[in-house]
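Have a look at the structure below before the remarks.
The values are calculated or read from the model by the stated rules, or taken from the named source; none is laboratory data. For clarity, every value in this text was computed on a predicted model and none was experimentally measured. All Cβ positions, glycine included, derive from the backbone under ideal geometry; neighbour counts span all protein chains shown. Quick note on the areas: whole protein, heavy atoms, side chains included, nothing else; ligands and nucleic acids left out. Shrake-Rupley method; radii C 1.70, N 1.55, O 1.52, S 1.80 Å.
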Amino acid sequence: MNVLVINAGSSSLKYQLINVETQEILAKGLCDRVGSDESTHKHGLDENEMCIHTPIPDHDHAVAVVLEVLTSGPTKAIESLDEIDAVGHRIVQGGKYFDRSVVIDEEVIRRIDELAELAPLHNKAAIMGIRGCQHYMPDVPMVAVFDTSFYQSLLPKAYMYPLPYELCEKYAIRKYGAHGTSHRFIAERAADFLDEDITDLKLITCHLGNGCSITAVDHGMAVDTSMGLTPLDGLMMGTRCGSIDPAIVTYVMEKENLTPAEMNDLMNKQSGLLGVSGISNDLRSVDAEAEKGNERALLAYEMYSNSVKKCIGQYIAVMGGVDCIVLTGGVGENSAKMRRLIFAGMQTMGIVLDEARNREGSRERQISTDESEVLIVVIPTDEELMIARDTYELVHDLIDDYAFAEVW
Ligand code: ADP
């Protein structure tokens with residue numbers, strides 16, 4: 001079965017066509033700067049195999065452009081649209097309504113739209129992507145996979161904020177989390193890798209990239225996560241500040257005479273590794289400068305590792321222990337140096353990194369010593385595959401239901 005996975009951002013549309021049975025990626029690409037005069041379309045399994053400038057005024061056109069390259073010309077991956085059996089859409093915000101992936105119908109679209117207040121750019125874009133697919137493939141079943149659904153298992157003591165209760169209720173203020181599809185994928189994959197049942201494990205999953213988040217997964221259920229109402233909360237990131245003393249927000253706004261939008265921009269786009277180092281949001285560039293003796297770059301590097309270390313400690317306390325710590329994302333998968341800093345000094349907690357294993361490439365593997373009480377593993381994440389799998393499972397159920405109905 002072929003599933004087209006669509007990840008629509010405010011001005012972009014990423015896609016992958018996946019054969020779910022073989023897990024083969026048949027095609028992938030990205031429509032970027034949708035809605036501007038400079039829209040581009042990159043397509044191909046190798047990066048930049050094809051990159052063209054083409055007008056893509058909106059997400060409906062983006063879907064048309066994608067379906068065209070999939071079915072015609074030198075980029076053809078399938079003979080016709082009939083070979084797309086289902087579409088899986090990544091949705092950023094599922095609020096309290098969706099604790100799992102669902103088949104898309106008008107009611108689901110209405111809910112996604114209602115939740116746009118919590119993720120204005122993303123949820124509106126997702127709806128445009130869904131409508132585009134409905135337009136060109138009206139009979140193909142579609143599934144919504146939410147970044148937040150994995151966190152609907154959090155208890156109120158974990159998801160509530162200590163603000164006036166009525167205010168939280170009035171504005172639906174609570175922890176929703178983010179990166180849920182990635183955390184769910186690496187948690188399940190780690191259990192397979194360890195040959196254990198996920199319901200027998202206490203896991204801490206760390207997604208460390210430009211965006212960073214950590215989740216405590218207790219016997220298969222997320223019990224806490226570092227991102228909050230929005231993906232600004234928690235760890236220090238590439239350009240996001242993560243958790244800071246909330247009093248800093250009003251203090252800086254008053255001193256610098258900033259509007260809420262300007263302050264939001266400062267915390268989301270000018271902080272984190274970039275803000276501290278003054279060099280880059282990219283860890284490799286920060287590291288290169290730190291190696292040359294740049295003190296602010298070194299500080300940024302150390303703050304990033306410290307932020308991860310503290311969160312791991314919190315979640316060990318929350319779960320009363322941990323069996324396995326899982327790392328993923330550009331930094332988690334690739335930076336041996338960052339991993340060394342994160343786990344330095346954790347021996348007394350039974351967490352011992354194996355230096356040689358840590359230095360090996362970025363493939364899936366154990367990087368703790370055989371004697372370490374807690375396992376540390378690297379698992380490359382694959383959100384698209386997770387979306388394709390959810391889609392496959394739900395659509396299969398749907399087809400089974402139809403078959404059952406017909407028999408009767
Ligand atoms: P995003 O959150 O945007 O998906 P990624 O998961 O791709 O980001 O992670 C990007 C980060 O990973 C960047 O900070 C980059 O420097 C870092 N990174 C990628 N490869 C390496 C590497 N080999 N060594 C150190 N850092 C790396």
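So the values come out like this:
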item: Solvent-accessible surface ranking, highest first, for PHE343, PHE193 at 1.4 angstrom; result: PHE193, PHE343
item: Rg over Rh [alpha-carbon atoms, Kirkwood Rh] for the range 167-249; result: 1.05
item: Tail weight of P(r) past 17 Å, computed on alpha-carbon pairs of the range 223-319, percent; result: 55
item: LEU167 versus LEU45: modelled label distance in nm, points set 7 Å from Cα along the beta carbon direction; result: 5.4
item: Relative contact order of the chain, defined on C-alpha pairs under 8 angstrom at six or more residues apart (%); result: 14
item: With DNA, RNA and ligands ignored, accessible area of GLU114 (1.4 Å probe; Å², nearest 10); result: 80
item: Antiparallel DSSP beta bridges within the chain, as percent of all bridges there, nearest 5; result: 70
item: Accessible heavy-atom area order of TYR97, TYR251, TYR392, TYR15, highest first, probe of 1.4 Å; result: TYR251, TYR97, TYR392, TYR15
item: Calculated [θ] (222 nm, deg cm²/dmol) that DSSP helices of n ≥ 4 give over the chain, each run adding -39,500 (n - 2.57); result: -12500 deg cm²/dmol
item: Residue among ASP200, ASP323, ASP32 with the largest mean-square fluctuation in a Gaussian network model of the chain, springs linking Cα atoms under 10 Å; result: ASP200
item: Fraction of accessible area attributable to carbon and sulfur, the range 310-360 (%, probe 1.4 Å); result: 54
item: Among LEU341, LEU167, LEU385, residue whose mean-square fluctuation peaks in a GNM of the chain (springs only between Cα atoms under 10 Å); result: LEU167
item: Heavy-atom accessible surface of the range 233-280: percent carbon and sulfur, 1.4 Å; result: 54
item: Nearest-ten-degree value, helix 120-136 long axis tilted from longest Cα axis of the chain; result: 20
item: Shape category assigned to the chain from the gyration tensor of Cα positions, a/c cut at 1.5; result: rounded
item: Electrostatic dipole magnitude of the chain [Cβ: Lys, Arg +1; Asp, Glu -1; Cα centre; debye, to 20]; result: 1520
item: Solvent exposure of the chain as accessible area per residue, Å², 1.4 Å probe; result: 48
item: Listed residues HIS53, HIS396 arranged by accessible area, highest first, probe 1.4 Å; result: HIS53, HIS396
item: Top of THR75, THR348, THR205 by mean-square fluctuation, Gaussian network on the chain, Cα under 10 Å; result: THR348
